[in-house]
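Each value in this text was obtained by applying a stated rule to the coordinates, not by laboratory testing. Keep in mind that this is a model prediction, so the values were computed, not measured. Quick reminder, even Gly has a Cβ in these numbers, built from the backbone with ideal geometry, and neighbours come from all protein chains shown.
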Amino acid sequence: MLNAIISLFRPNPTALRDQFLKRFVGKTIIVHQGLGIGWVSELHKEAGGGGHFRLNVSKDPGKRPTPIEWVVHHWIVPQNLPLPLLVKVERDILYIRHLTRHGSPVHPSEINWMLGEFPDRWHAALRPGGKGFLPEKGMPVSENDITFDVE
C-alpha cells in the first residue's frame, strides 16, 4: 500500500519522456556544468547561437524534475561524455556530441559545423524506448575534429 502511495508522487518516466519530446523536437540543447561568460558571449555572436537551450547540470533537479531535467540527468549525463555537450533532438532520436577538444571547450563557431555533421557523426544517441531511452554508442570520445567538406 505504501509503495502505491509513493508511486503516485514519483514522476512517470514515459510521461516525462513524451513531454520532453513534445517540447524539444527540432531544438538543440547545450548541456554544461558552468560556461564562461566569454564563451557564452561568443555563442551569442554566432548565427542562431542564442537559439540553443542551455542547461547547467551542477544543480540536482530534486524529486520532481522537469522533463528536460529528467532527460538530461537520467539519460544524457550518464553517457559519461565530457561537458559541455550538444544535443540535437529529433522525433525518434537524440544525437549527442561533446563540445571539447584537447580538454577545453571548442569555439562556439564550431557548433554550427557540428550540427551539420549530424546524423553521421555523434558520440552517443538515445532512441525512445521502454520507459525512457535506448542508448547507442557512436564515434570514439577522443575523436571530435570537424570534417570540412570543401572542394
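Peptides 29-37, 87-95: what's the order by average Cβ count within 10 Å, highest mean first? Walk me through the numbers on the way to the answer.
Numbers: 29-37: 15.9, 87-95: 18.2.
Packing proxy ranking, top to bottom: 87-95, 29-37.
Where Lys and Arg each count +1 and Asp and Glu each count -1, what net charge lies around Arg121 among other residues with Cβ under 9 Å from its Cβ? Please report the intermediate quantities before stating the final value.
Numbers: positive: Arg97; negative: Glu117, Asp120, Glu143.
Spelling it out: positives minus negatives among the neighbours equals -2.
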